[in-house]
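Q: Can you read through this structure? Questions will come right after.
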Amino acid sequence: MSTVKYGVVGTGYFGAELARILHAIEGAEVVAVYDPSHAEEIAHELNCTMEPTIETLCAREDIDAVIVASPNADHKEPVLLAAKHHKHVFCEKPIALSYTDCDEMIDVTKKNDLIFMAGHVMNFMDGVRHAKALIHEGVIGDVVFCHAERTGWEEAQKTVSWKKNREISGGHLYHHIHELDFIQFIMGPATRVNMVGGNVAHQAEGFGDEDDLLLITLEFTDNRYATLQYGSAFRFNEHYIKIQGTKGAILLDLQDVKVVVKTVEKEEQFLLHASEAEDLDRARTYQNLDGGIMYGKPSQSVPLWLDTIMKRELQYFHDVILGAPIDEEFIPLLDGTAARASIATADALTLSLQEDRKVNVQEITAQ
């Protein structure tokens, strides 16, 4: 295979940019798109065709792989149809809003010997790569605790985004799965979880129905723990992950945009992204970010820092299709299992909130 031909399902703000990036990769071509609302503009831009249904797109013999970038609740159908027609799949996060749906998607892609890559783009940030390497090298010792916050305050919107509709997006917990996924990459899957909170400040017109304040506790094997805070009911905007080890600590600051590594011997600071310009670009983005949500439009380009890591992510997917060797750490990223592990924990947390109790994640995975 000298050229990989792609079909794209969902060409909103994020899907349109994924299509543009793919189309610019050497040896890649976007030949068809499907979106009931936004397909025409990106089809004209990329000189490709529009398909009337997901089925017709996935059934095309000239498509080798399908990119799924529809709203979160609409990921399952295109993934299953792509697998049915033996197409490799790249699916934006979260790959589904339930563990059982993840299971079905993984089973079908695996049976057909297909790549099923989850769009957990945070894995391709320079700062994340550096932090993982330092942890692997033992620089901060054994990780015993992580804490993440992705919080802010949101005012009423003239048009309420689908991202604020819990049934479509899954709410903050599922839509912002990056932090949970990263922590589980570092610490392994959580064993027991607890979540409290709810919709405490955004129940009027102009808001969605998602919970705006979520406080999470994760328990891991070997007496290790993590806490997370999500929501748009916080007057102080925060977005960071702190990793505490027996010999040191790492701060990934995604708002003030830096990586700080602290050990007994020294404290060092590194870039979060590929260049100082990208770090500054991200910092500017966060100055105008409303409640941790970016309300983009298909006609808009993504920020510089996001463009770089999206390009790395899609280049990796493209290269693997062409037979490039797979990094061992990315195997769970390329078969859906890492994404499923995050959703298992998210489902357990949802059950914890509903039933006001601690939940063993095995209650979800054993179903």
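Q: Projecting each Cα onto the charge dipole of the chain (Lys/Arg +1, Asp/Glu -1 at the beta carbon, about the Cα centre), which of A65, H147, G170 comes out farthest on the positive side?
A: The residue sitting most towards the positive pole is H147.
Q: Another one. Calculated from the structure, Cα Rg over 2.2 N^0.38 Å equals which of (i) 1.08; (ii) 1.23; (iii) 0.96?
A: (iii)
Q: Distance from the Cα centre of the stretch 72-121 to that of the stretch 1-37, in angstrom?
A: 17
Q: Say each of S301 and E355 gets a label point 7 Å from the Cα, pointing the same way as Cα to Cβ; how far apart are those two points in nm?
A: 5.0
Q: Then there's this: In the stretch 1-57, which GluC sites (Glu not before Pro) fall in coil by DSSP and have 15 or fewer other Cβ atoms within 10 Å?
A: E26
Q: Give me log10 I(q)/I(0) at q = 0.21, 0.27 Å⁻¹ for the stretch 7-46, Debye formula, one equal scatterer per alpha-carbon, no solvent.
A: These q points yield log10 I(q)/I(0) values of -0.52, -0.85.
Q: Ranked highest first by the average count of other Cβ atoms within 10 Å around their residues, in what order do 227-240, 150-163, 312-325 fall?
A: In descending order of packing, they fall as 227-240, 312-325, 150-163.
Q: Taking the alpha-carbon distance from K5 and a cut-off under 23 Å, which lysines remain once sequence neighbours fewer than 8 residues away in the same chain are dropped?
A: K76, K84, K87, K93, K110, K111, K311
Q: In debye, nearest 20: dipole of the stretch 169-285 around its Cα centre with unit charges on the Cβ of K, R (+) and D, E (-)?
A: Magnitude of the dipole: close to 420 debye.
Q: Let me ask something additional. Let me spell out the model: positive unit charges on the Cβ of Lys and Arg, negative unit charges on the Cβ of Asp and Glu, origin at the Cα centre of the stretch 77-208. What dipole size does that give, in debye rounded to 20?
A: That gives a dipole near 180 debye.
Q: Now a separate question. List every residue whose amide H lies under 5 Å from the amide H of A28, counting only residues 5 or more places away in sequence or on a different chain, with H placed 1.01 Å from N in the peptide plane.
A: Close amide H contacts, sequence-distant or interchain: V4.
Q: Run the dipole for the chain about the Cα centre, Lys and Arg Cβ at +1, Asp and Glu Cβ at -1, nothing else charged, and hand back the magnitude in debye, nearest 20.
A: It works out to roughly 460 debye.
Q: Any idea which of P78, F116, L180 is furthest toward the positive side of the dipole for the chain, if Lys and Arg beta-carbons carry +1 and Asp and Glu beta-carbons -1?
A: Towards the positive end, the residue furthest out is L180.
Q: Bin width 5 Å, alpha-carbon pairs only: give the P(r) of the stretch 140-266 as whole percents, running from 0 to the bin holding the largest distance.
A: Pair shares across the bins are 2, 10, 19, 21, 18, 13, 8, 5, 3, 1, 0.
Q: Now for a separate question. Along the positive direction of the dipole of the chain (beta-carbon charges: Lys, Arg +1; Asp, Glu -1; about the Cα centre), which of A338, T227, L22 reaches farthest?
A: T227
Q: Per-residue counts of other Cβ atoms within 10 Å, averaged by peptide: what ranking do you get for 330-336, 252-258, highest first?
A: 252-258, 330-336
No value in this document is a laboratory result; all are computed from the given coordinates. What you are looking at is a predicted structure, and each value in this text was computed from that prediction instead of being measured. A quick note on method: Cβ atoms are made from the backbone with ideal geometry, for glycine too, and the neighbour counts reach across all protein chains shown.
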